[in-house]
Ligand SMILES: [Zn+2]
Ligand SMILES: [Zn+2]
């Protein structure tokens with residue numbers, strides 16, 4: 001069948017809205033009619049050629065929609081089900097899946113990096129060439145055909161644009177606070193970056209009972225929304241930031257510091273803002289090939305912990321429904337996260353706005 005999709009054909013060029021050919025789902029695959037796809041910075045790394053994906057590619061890795069059809073052997077969903085897409089499909093059987101780390105699934109990691117399906121082929125063609133999909137999804141398109149292992153059924157009474165955000169920003173942010181860092185009541189938290197992911201870290205830290213929760217950003221328009229999401233203090237990011245964090249934490253630095261932007265300079269500042277024995281959690285994705293200059297001499301002598309958090313250490317099948325229950329019960333503010341909606345053909349405008357930092361989360365609605 002034919003559908004519209006935003007295709008990236010060359011790095012550092014705009015997305016092109018193209019008509020592409022989509023094949024039906026094969027065994028173990030699901031076709032989903034997309035309802036909403038979030039506008040996330042990780043897609044931009046692909047545009048800039050800083051990820052590993054081959055071209056042409058359809059980006060988009062934070063989506064929700066309604067199951068259209070299923071391939072042979074699919075048992076967990078049926079047509080009409082509302083679903084959130086996981087950008088880390090997981091097999092449930094490998095070394096990591098069996099050890100509670102489905103975000104590191106070793107069966108799917110190479111598949112997702114290839115931009116193709118498990119069998120090495122694509123379900124999408126453009127001008128008779130195979131089109132790749134980002135992280136096994138490619139949800140900047142009217143439909144996706146993806147592995148059942150990436151599809152999580154969710155309750156039908158929540159808006160699908162909210163269900164979409166659970167697929168990246170919410171899991172990455174809230175999960176980083178409650179699972180990866182395991183923030184405890186009364187612990188101090190500082191969060192670098194109050195964008196889509198940063199606001200969710202703040203919200204997760206608030207759920208954990210952290211105090212104070214210090215939000216740091218260079219965009220003063222983010223300060224008010226950071227407070228709505230649970231920040232007790234907001235700091236404009238400049239050379240005085242670390243001193244101010246220390247002042248707010250009895251001169252020690254924060255128990256937990258989170259870097260949500262993916263900037264080396266903030267990773268390094270974050271370590272300095274962490275108290276001795278405290279934990280710096282790196283959440284923002286830096287481009288492949290980029291380094292960081294965290295001082296080993298300091299880490300050793302202060303017992304500071306530096307750890308990565310990928311997809312908030314979540315279990316999609318367990319946590320996506322839980323996050324949406326929490327939203328329904330008023331524990332997670334997700335309506336407030338969606339600050340702007342776009343049509344698919346406005347996707348380049350959506351990314352221009354994301355880069356200026358003027359929106360918490362833009363969402364493409366279909
Ligand atoms: Zn994302
Ligand atoms: Zn696995």
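Centre-to-centre separation between the Cα atoms of segment 13-47 and those of segment 166-201: 27 Å.
The separation of segment 88-110 from segment 251-306, counted between C-alpha centres, amounts to 27 Å. Seen against the Cα atoms of the chain and their longest principal axis, helix 196-207 is set at about 60 degrees. To the nearest ten degrees, helix 316-328 and the longest principal axis of the Cα atoms of the chain are 70 degrees apart.
Across every direction, the projection of the convex hull enclosing the Cα atoms of segment 77-136 has a mean area of 5.2 nm².
Classify segment 1-137 as rounded, prolate or oblate, taking a ≥ b ≥ c as the square roots of the eigenvalues of its Cα gyration tensor: rounded when a/c is under 1.5, otherwise prolate if a/b is larger than b/c and oblate if not. Verdict is oblate for segment 1-137. The Rg/Rh ratio for the chain is 0.97, where Rg is the radius of gyration of the alpha carbons and Rh is the Kirkwood radius.
Ordered by the count of other Cβ atoms within 10 Å of each Cβ, fewest first, 43, 238 give 238, 43. Just so you know, the Rg over Rh for segment 309-353 is 1.11, from Cα atoms, with Rh as the Kirkwood radius.
Sorted fewest first by neighbouring Cβ atoms within 10 angstrom, 203, 322 come out as 322, 203. Considering only the Cα atoms of segment 115-200, their convex hull presents on average a projected area of 8.4 nm².
By other beta-carbon atoms within 10 Å, ranking 140, 310, 87, 288 with the fewest at the front produces 288, 310, 87, 140. In terms of its C-alpha gyration tensor, segment 276-318 has an oblate overall shape, because the principal axis ratio a/c (a ≥ b ≥ c, square roots of the eigenvalues) is not below 1.5 and a/b does not outweigh b/c. As a length-normalised measure over Cα pairs under 8 Å and 6 or more apart, the relative contact order of segment 132-287 settles at 18 percent.
With both residues required to sit in the chain, DSSP beta bridges show an antiparallel share near 55%. Using C-alpha pairs under 8 Å with a sequence gap of at least 6, the mean separation divided by the residue count of segment 69-170 gives a relative contact order of 33 percent. Our summary gives the chain a relative contact order of 18 percent, counting only alpha carbon pairs under 8 angstrom and 6 or more residues apart. How big is D for segment 119-262, in µm² s⁻¹ as a whole number, if Stokes-Einstein is applied with the Kirkwood radius of its Cα pairs at 25 °C and 0.890 mPa s? Roughly 143 µm²/s, to the nearest whole number. Whole-percent P(r), segment 182-308, all Cα pairs, 10 Å bins from 0: 15, 50, 31, 4.
No lab work stands behind these numbers, since they all come straight from the coordinates. Everything numeric in this text was worked out from a predicted model, so none of it was measured. Note: ideal-geometry Cβ built from the backbone for every residue, glycine included; neighbour counts use all protein chains shown.
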